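Data block below; observations after.
The values are calculated or read from the model by the stated rules, or taken from the named source; none is laboratory data. Because the structure is predicted, anything quoted here is derived from the model rather than measured. Positions of Cβ are backbone-derived with ideal geometry, glycine not excepted, and every protein chain shown enters the neighbour counts. Please note that ligands, DNA and RNA were not included when accessible areas were found on the heavy atoms of the full protein model with its side chains. Shrake-Rupley method; radii C 1.70, N 1.55, O 1.52, S 1.80 Å.
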Amino acid sequence: MKVFKFGGASVKDAKGVRNVIDVLQKVGDSNIVIIVSAMGKMTNAFERVVDDYLNKSEELKNSIDFIKKYHIEILEDLFENRQHPVFKKINSIISDMETTLKRNKSRQYDYVYDQIVCYGELISTAIVSEYLSKEGYVNSLLDARNIIKTDDDYRDATVDWETTQQYIDKKVNKKGLTITQGFIASDANNFTTTLGREGSDYTAGIFAYCTNASSVTIWKDVPGVLNGDPRVFENTKLLSQISYEEAIELAFYGASVIHPKTLQPLQRKEIPLYVKSFLNPQDEGTSVKKGQRLVPQMPCFIVKKDQILLSLSSLDFSFIVEDNISEIFSLFHTYHLKVDLIQNSAISFSVCLDDKFDNFKKLLMQLKPKFSVVYEKNVSLFTIRHFNKEAILFLEENKDILLKQGTKETYQMVAKQ
Ligand code: ASP
């Protein structure tokens, strides 16, 4: 069995949905599980719904209308017959969301977020499944929330592998064509959870691991994994092969083509991962598998924007050592702050943080009584894997550098945006 993943960019419009068929025609359509993300930038649109709802903003209706309109336009393009049941189906999914909002009593942001943002994937998979059926591709649509079970750490849930494995064994038909949602899951009480932004790749990894799939393919709007984000760097080149270890490193430093958690389950069973262009499905793309670290060998550039550089020093010039470092890290953990870089000296300690959950203020309140705190928001973290002199010179040009550090294979630098 193979697992395919189509991300938001690949199903952002009717053309993208039609292209799913083009891919299936070229590479085969049986024994496949297709994981689909929300269309285009719809997850951001659902995030706005959550914000408007919790802030009691008058914009709420507009935000919901925007989502309705976006999907209806795609439907009207894909289904000439306005009597097709898909129109009712999508309307009823959206009214289901409105009912969820009406009935909800919780003010807890992360919980409400997951109950609402999941509708992006529920809608996209319903559309893709119906369209494939219309075009003669018999498929079954599975609700991923009945299969992937997690804890109740909303917006960043941890998978319960044992239960998930049982559900996958019971409910996933390894023959034929199955469509399901990326990113969404559910907890023991059947409330919806999500696996973190861009989490659909991870869903593909989970399905592949639990079904012993022969491969995972992520269909992208780029030819594969490049040695830098083409939106940021010029003259990027395609990497044809990457080892699991190297891919995990690249993803960890922020290479956005692969979600960092995706690779671990695949590595454990040595399931190859292909990143390919959905426009040219027969091209080789990039394969991530056991073997050579990086082919061709060249510097890889990664940038993570909107980071926070935080420096702490002791108030009394005492050392920053094990006991206070462990306390600081436990606070990062509590507030879901992801640490991308660490540098410390005897009396000071600097980290580059990713504040995905908007908790930095709360962290500061805890740190300020104990440390002298200096921070700079909106900085970028640049990483070069397999650097050389020219690569560093290129990266440092015209930048206001706040911190740098290097190991044998990795050079990192924090600079103002
Ligand atoms: N739709 C989700 C997001 O935009 C998950 C994904 O696309 O991977 O983050």
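Summary table
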{"item": "Selection from the range 55-72 of residues that are touching a residue at least 40 places away in the same chain (Cβ under 8 Å) and surrounded by fewer than 18 Cβ atoms within 10 Å (Cβ to Cβ)", "result": "none"}
{"item": "Neighbours by Cβ (under 7 Å, 6+ apart or cross-chain): first from the range 240-267, closer than 12 Å to Thr286 by Cβ; second assigned to a helix (DSSP H, G or I) and aliphatic (A, V, I, L, M)", "result": "Ala247/Leu263; Ile258/Ala247; Ile258/Ala251"}
{"item": "Residue within the range 100-110 that is open to solvent by 60 Å² or more (accessible area, probe 1.4 Å) and under 23 Å from the mean Cα position of the chain (by Cα) present", "result": "yes"}
{"item": "Single residue of Ile21, Ile34, Ile93, Ile64 found to be more than 16 Å from the ligand (Cβ to nearest atom), β-branched (Val, Ile, Thr) and under 18 Å from Gly120 (Cα atoms)", "result": "Ile64"}
{"item": "Index of the failed condition, Asn91 passing every other in (1) open to solvent by less than 70 Å² (accessible area, probe 1.4 Å); (2) in a helix (DSSP H, G or I)", "result": "(1)"}
{"item": "Selection count, the range 197-232, where residues are of a type in the set (Ser, Thr, Tyr) and free of Cβ contacts under 8 Å to residues at least 24 places away in the same chain", "result": "0"}
{"item": "Selected residue (only one of Lys362, Lys356 is at pLDDT below 90 and either surrounded by 17 or more Cβ atoms within 10 Å (Cβ to Cβ) or charged (D, E, K, R) (or both))", "result": "Lys356"}
{"item": "Selected residue (only one of Lys5, Lys41 is within 16 Å of the ligand (Cβ to nearest atom), charged (D, E, K, R) and surrounded by 19 or more Cβ atoms within 10 Å (Cβ to Cβ))", "result": "Lys5"}
{"item": "Thr150 under 17 Å from the mean Cα position of the chain (by Cα) and away from the ligand (no atom under 12 Å from the Cβ)", "result": "yes"}
{"item": "Filtered residues of the range 153-169 (kept if assigned to a loop (DSSP other than H, G, I, E, B) and either within 16 Å of the ligand (Cβ to nearest atom) or not polar (S, T, N, Q) (or both))", "result": "Asp153, Tyr154, Arg155, Asp156, Ala157, Asp160"}
{"item": "Test for Thr193: is it within 16 Å of the ligand (Cβ to nearest atom), under 30 Å from Ile116 (Cα atoms), in a strand (DSSP E or B) and in contact (Cβ under 8 Å) with a residue 24 or more places away in the chain", "result": "yes"}
{"item": "Residue satisfying all of: in the range 170-190; among the hydrophobic types (A, V, I, L, M, F, W, C), within 16 Å of the ligand (Cβ to nearest atom) and outside any loop (DSSP other than H, G, I, E, B); surrounded by the fewest Cβ atoms within 10 Å (Cβ to Cβ) among these", "result": "Ile179"}
{"item": "Search result, residues across the range 257-271 that are crowded, with 18+ Cβ neighbours inside 10 Å and either modelled with pLDDT of 95 or more or assigned to a helix (DSSP H, G or I) (or both)", "result": "Pro260, Lys261, Thr262, Leu263, Pro265, Leu266, Gln267, Ile271"}
{"item": "2 or more residues touching an Asp or Glu at 6+ places or on another chain (Cβ under 9 Å) and of a type in the set (Lys, Arg): qualifying strands (runs of 3 or more DSSP E) within the range 332-417", "result": "371-385"}
